[in-house]
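Structure first, then comments.
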Amino acid sequence: MSTLVTDELQGSRESNHCIAMPNNTTLYAPGQTIQTVWRKFQTLATYNSYNDNTSRPIAGLNVSITLKRANSKVILKWWIFYEAHHDITFQAIRSGTVIGFNTDAGNVRWSGMGAADYEHSHDQNSTPTYQHHCWIDTPGSVGPHTYQIGSRSSTGANYDIRMNRSWNGPTDNHEVGCSWCVVEEIAV
Amino acid sequence: MSTTLRNLEPRSGNEIVFNAAHQMQHQGKVVQTITTTTHTRTTYTASGSGNGTQITQLNLTITPYRADSTIWLRWTVAYEAHHEVIFLVQRDSTLIGYNTDLGNNRWSGIVTAQYDNDYSTTPQVSTINWFDPAGTTAARTYQLCVRSASSTSYTFGLNRSLASAGADGQEVGVSHGIAREICG
């Protein structure tokens, strides 16, 4: 094992002051992002949000990541464009296990990272919404881990969520958009 | 010149300082960040035709270090607009940011304004993301744009309500743009 002890790092003049790490190698420093994985989802798709306490993944936003280190922290961010009934909650899922919900309330259908937007006049026709959800996970192993965002009904009724589109349309006044998932591994 | 190492340690204390004028290219890491902030309170017209109206105060110009990098664009915008206004992204005035599955229709974008049914005194904040493969190391400017999703043109108020540029009950805000190069 070789150790370089120094106060300062500089790129060489020959390399135009650039230090290049070879691909697939990692420099670990606590607090730094050591990899970023992202996925865009723009298919106009409908997913079920049912009343049976089961959080059903919005599969178009699945992201798999193999961590560099087992003790890393994982920051999950979703930006979702959708239209749905407001009695829907969203959960984070890791490899089939629901991990992202309000643990004080427990894993019940009205418990999530957040709820669908309640739009003016309870519009469920032509006006999608755009929401940001976040979860922080420490899985404890390198994986690979598949992260998902799921949804379920918070009442006895069954609903659907229409992704990347308005409930009706698309046409004039019925907008479509794009959704994203970003996963960052943070060194501890 | 190459040095093969297992560990890097500070000679003393707990810091190793990297020369700020130099680069470290490291796959998967953010290797440069460009930001812009605007306090300008102004209005634009979001038309239902064309590829969107550029919000020029939020332009982001970046020169990637590597062609295989990804540029992560994120704008956080304070504004007021009709809920049928959508956001788009252009690169050097070419439309790139919309739902390409659907195609370049006027109702195809990244994000719509929220539906609060108040088009006078209540601004809102939206965050718009886009990821663009760098492709080359040429400098480029990313432009956030607005377009109407119908045949009606709407006014877009940046950092202000539609009623005024600031008054009691008519809030003003600040908008930001961030471009981060994730090293390929």
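A few remarks follow.
- Lone unmet requirement of (1) in contact with a strand residue (DSSP E or B) (Cβ under 9 Å, 6 or more places away or on another chain); (2) open to solvent by less than 50 Å² (accessible area, probe 1.4 Å) for B:N104: (2)
- On inspection, A:Q124 qualifies as in a loop (DSSP other than H, G, I, E, B), under 24 Å from B:A113 (Cα atoms), open to solvent by 10 Å² or more (accessible area, probe 1.4 Å) and touching a residue at least 12 places away in the same chain (Cβ under 8 Å).
- Residue count for segment B:134-166 satisfying the condition of being open to solvent by less than 20 Å² (accessible area, probe 1.4 Å) and either touching a Cys at 6+ places or on another chain (Cβ under 8 Å) or assigned to a strand (DSSP E or B) (or both): 11.
- Just one of the listed residues (A:D123, A:D87, A:D160) is modelled with pLDDT under 95 and away from chain B (no Cβ under 14 Å), and it is A:D87.
- Test: residue in segment B:167-181 that is open to solvent by 40 Å² or more (accessible area, probe 1.4 Å), touching a strand residue (DSSP E or B) at 6+ places or on another chain (Cβ under 7 Å), within 14 Å of another protein chain (Cβ to nearest Cβ) and not in a loop (DSSP other than H, G, I, E, B): yes
- Qualifying residue in segment A:47-69 (condition: surrounded by 14 or more Cβ atoms within 10 Å (Cβ to Cβ) and within 10 Å of chain B (Cβ to nearest Cβ)): yes
- Any hit, segment A:6-15, residues being surrounded by 16 or more Cβ atoms within 10 Å (Cβ to Cβ) and in contact (Cβ under 8 Å) with a residue 40 or more places away in the chain: no
- Residues that are within 7 Å of chain A (Cβ to nearest Cβ), among the aliphatic types (A, V, I, L, M) and either assigned to a loop (DSSP other than H, G, I, E, B) or at positive phi (or both), drawn from segment B:97-133: B:L102, B:I110
- Any chance B:A21 is in a loop (DSSP other than H, G, I, E, B) and either facing another protein chain (nearest Cβ under 7 Å) or open to solvent by 70 Å² or more (accessible area, probe 1.4 Å) (or both): yes
- Filter result (hydrophobic (A, V, I, L, M, F, W, C), within 7 Å of chain B (Cβ to nearest Cβ) and assigned to a strand (DSSP E or B)) within segment A:1-40: A:L4, A:V5, A:L9, A:C18, A:I19, A:A20, A:I34, A:W38
- Odd one out for A:S151 among (1) open to solvent by 10 Å² or more (accessible area, probe 1.4 Å); (2) within 26 Å of A:V98 (Cβ to Cβ); (3) of a type in the set (S, T, Y): (1)
The values are calculated or read from the model by the stated rules, or taken from the named source; none is laboratory data. Just so it is clear, the structure is predicted and the values come from calculations on it, not from any experiment. A quick note on method: Cβ atoms are made from the backbone with ideal geometry, for glycine too, and the neighbour counts reach across all protein chains shown. What goes into the accessible areas is simple: the full protein's heavy atoms, side chains included, and nothing from ligands, DNA or RNA. Shrake-Rupley method; radii C 1.70, N 1.55, O 1.52, S 1.80 Å.
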